[in-house]
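Input: a single structure, listed below in structure tokens.
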Amino acid sequence: MPHKIPPLRTIFDGQVIAPNDARYDEARTVFYGGIDRRPALIVRVKNAADVSRAVSLARDSGLELAVRSGGHSPAGHGVSDGGIVLDLSEMKALEFDLERRTVWAETGLTAGEYTTTAGAYGLATGFGDTGSVGIGGITLAGGIGYLVRKHGLTIDDLLAAEIVTADGRLLRADAATHPDLFWAIRGGGGNFGVATRFQFRLHEVGMVLGGTLILPASPEIIASFVDRAEAAPDELSTIANVMLAPPVPWLPATAHGKLVIMARLVYAGDVETGARVIAPFRALAEPLADMVKPKRYPEMYPLEEERHPVASTRAIFVDAIDRPAAETIVEHLETSTAKMAAAEIRVLGGTMARVSADATAFAHRGARIMVNVAAMYERPDEAATHGPWVDDFAAALRQSESGAYVGFLRDEGAARVRAAYPGMTWEKLVAVKSRYDPTNLFRLNQNIPPSGHEMAHTRSSVSSRPMRWSRARSRCRTTWRKS
Ligand SMILES: Cc1cc2nc3c(=O)[nH]c(=O)nc-3n(C[C@H](O)[C@H](O)[C@H](O)COP(=O)(O)OP(=O)(O)OC[C@H]3O[C@@H](n4cnc5c(N)ncnc54)[C@H](O)[C@@H]3O)c2cc1C
């Protein structure tokens, strides 16, 4: 199809990248390794009009549409095999209203870019723990990060959004305008349209007490760590990885290969009080490394991050990590043969839990702890070994209803997508989906099918509909002329 691409370049303000383009391989690569899909074209959109053109092109051609902000989807939903990739990474404008403490942010920004720019004003909105994650994907999933207990989920600071829906229109969604859509996008993922801009509330977050604390791990220390994290004031959010210590120079050689808790802590409040709050964690055992110190909040996002890891993961919610659960963690980690294996424990609660479960499509407000079990390895074919290990581990930790968080879902099947939306949430989401995307154009995601549709395969696949490429192109041209 390469010969048909050049005319498309005249339609878009942004770049159109085809398979014969020198940039193609770089442009089709997403965060996780082992995902090797070849889209028919990649559109690096420049503005909302481009987004609408790309949506119309996908709709009218019948080609599958992948929507990508930061490309971190664990299922690789940011790239399609044979379809169109709508890549937002060139849309990075930020428009601050410092008096009102709000900002309009284009969705091609990463969490790190947003946080660094807002940090220059001593302001922040909470995202996750990784700077390279796109604000598009994390916001639509919910957003659980370093400020979750102090300021809630990312969506708890979302005031409005601009979204291109399946019919190509740009809509504003907020509490008063399209409130059903506004409810649905706060946790419902990319099912309802392409968000071009978000308006966020900003909080004063200047200096924090934060960084990494590494302790030796035993069942007792793990359970006590979680106890203390639950009892701590809302200012403290913790993300604790229980794992075998890597052979890094900043850890004593005697600790290499031993089980440790590698915890990232943020106390978002007065630094001296923070030191008193963190003291009980430091007292759990002689720290192997203690890099918790006063810093500007954006420093929580280091510049260098691992790219393209191959991994199997599973995230579940649990009620407690007591001594038996901690023993389960230790036993399983000791049996892993992966290059790296970890159980990441995030203690929730605080502000996140004070929002009512039906206020947003993210409804796991009462969840106390999220555990993300992961194995990382070299080659995709090793998934046959490490995938079952991850599944067994998560099953062993499961307590009552385990739920699911769409941000961390891989290709785990329809039941796991349903598990993300408990109670009436699912029915309400299906109703909103049927209203705004009745043909399931936005299906390459953790899919919520509109009524009358089966759940789309979450794996990328070429549409079986015949492609009406030239018709799509001419329609696209008449709908959206270049400015
Ligand atoms: C290393 C790593 C660390 C993570 N840490 C955290 C964390 O601390 N907290 C947390 O909550 N989550 C975390 N996540 C999960 C992450 O939030 C989700 O995977 C999120 O979807 C990634 O967003 P993205 O824009 O980078 O990914 P993409 O692959 O670009 O997008 C993921 C999906 O979101 C949808 N989407 C993205 N942008 C838009 C848009 N503008 N409009 C419509 N739909 C869109 C699409 O359906 C797309 O397939 C992490 C993931 C990784 C890989």
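What the table below lists for this structure:
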item: Condition check for residue 452: open to solvent by less than 70 Å² (accessible area, probe 1.4 Å) and of a type outside the set (A, V, I, L, M, F, W, C); result: no
item: Unique match (being hydroxyl-bearing (Ser, Thr, Tyr), open to solvent by 10 Å² or more (accessible area, probe 1.4 Å) and over 17 Å from residue 38 (Cα atoms)) among 89, 52; result: 89
item: Residue among 59, 37, 23, 68 that alone is within 16 Å of the ligand (Cβ to nearest atom), among the basic types (Lys, Arg) and over 24 Å from the mean Cα position of the chain (by Cα); result: 59
item: One residue from 168, 187 being out of contact with any helix residue (DSSP H, G or I) (no Cβ under 6 Å at 6 or more places or on another chain) and on the phi > 0 side of the Ramachandran plot; result: 187
item: Matching entry among 136, 108 (being within 11 Å of the ligand (Cβ to nearest atom) and without any contact (Cβ under 8 Å) to a residue 40 or more places away in the chain); result: 108
item: Residue that is nearest to the ligand (Cβ to nearest atom) [pool: residues in the stretch 150-162 that are open to solvent by less than 10 Å² (accessible area, probe 1.4 Å) and in a helix (DSSP H, G or I)]; result: 154
item: Qualifying residues in the stretch 207-220 (those that are within 16 Å of residue 273 (Cα to Cα) and more than 24 Å from the chain's Cα centre (by Cα)) - the one surrounded by the most Cβ atoms within 10 Å (Cβ to Cβ); result: 209
item: The stretch 396-412, residues that are among the small types (Gly, Ala, Ser) and at pLDDT 95 or above; result: 396, 404, 407
item: The one condition in (1) part of a helix (DSSP H, G or I); (2) open to solvent by 10 Å² or more (accessible area, probe 1.4 Å) that residue 394 fails to fulfil; result: (2)
item: Any hit, the stretch 277-292, residues being open to solvent by 50 Å² or more (accessible area, probe 1.4 Å), not in a helix (DSSP H, G or I) and not aliphatic (A, V, I, L, M); result: yes
item: Among the residues listed as 132, 73, 69, the single one being of a type in the set (Ser, Thr, Tyr), in contact with a helix residue (DSSP H, G or I) (Cβ under 9 Å, 6 or more places away or on another chain), surrounded by fewer than 24 Cβ atoms within 10 Å (Cβ to Cβ) and under 20 Å from residue 409 (Cβ atoms); result: 132
item: Pair list, Cβ under 7 Å, 6 or more apart: the stretch 1-14 residue open to solvent by 80 Å² or more (accessible area, probe 1.4 Å), other residue acidic (Asp, Glu) and modelled with pLDDT of 80 or more; result: none
item: Residue match in the stretch 57-64 (condition: under 30 Å from residue 376 (Cα atoms) and out of contact with any Cys (no Cβ under 9 Å at 6 or more places or on another chain)); result: yes
item: Members of the stretch 240-263 that are in contact with a Leu (Cβ under 8 Å, 6 or more places away or on another chain) and either more than 14 Å from residue 288 (Cα to Cα) or open to solvent by less than 30 Å² (accessible area, probe 1.4 Å) (or both); result: 242, 243, 245, 251, 255, 259, 260, 261, 263
item: Selection count where residues are open to solvent by 10 Å² or more (accessible area, probe 1.4 Å) and farther than 16 Å from residue 275 by Cα, scope the stretch 221-239; result: 5
item: Residue count for the stretch 92-105, restricted to those that are open to solvent by less than 50 Å² (accessible area, probe 1.4 Å) and either within 8 Å of the ligand (Cβ to nearest atom) or under 18 Å from the mean Cα position of the chain (by Cα) (or both); result: 1
item: Filtered residues of the stretch 111-133 (kept if within 13 Å of the ligand (Cβ to nearest atom) and not polar (S, T, N, Q)); result: 111, 112, 113, 114, 126, 127, 128, 129, 131, 133
item: Checking residue 248 against (1) β-branched (Val, Ile, Thr); (2) in a loop (DSSP other than H, G, I, E, B); (3) closer than 19 Å to residue 130 by Cα, the condition it does not meet; result: (3)
item: Qualifying residue in the stretch 312-329 (condition: open to solvent by 20 Å² or more (accessible area, probe 1.4 Å), in contact with a helix residue (DSSP H, G or I) (Cβ under 6 Å, 6 or more places away or on another chain), of a type in the set (Val, Ile, Thr) and part of a helix (DSSP H, G or I)); result: yes
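Yes/no matrix, rows are residues, columns are (1) of a type in the set (Gly, Ala, Ser); (2) without any contact (Cβ under 8 Å) to a residue 12 or more places away in the chain; (3) touching an Asp or Glu at 6+ places or on another chain (Cβ under 8 Å):
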| residue | (1), (2), (3) |
| --- | --- |
| 77 | no, no, no |
| 93 | yes, no, yes |
| 120 | yes, yes, no |
| 159 | no, no, yes |
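The values are calculated or read from the model by the stated rules, or taken from the named source; none is laboratory data. Bear in mind that the values here come from a model prediction, so they are computed numbers and not experimental data. Here Cβ is always computed from backbone atoms with ideal geometry, including for glycine, and neighbour counts include all displayed protein chains. Quick note on the areas: whole protein, heavy atoms, side chains included, nothing else; ligands and nucleic acids left out. Shrake-Rupley method; radii C 1.70, N 1.55, O 1.52, S 1.80 Å.
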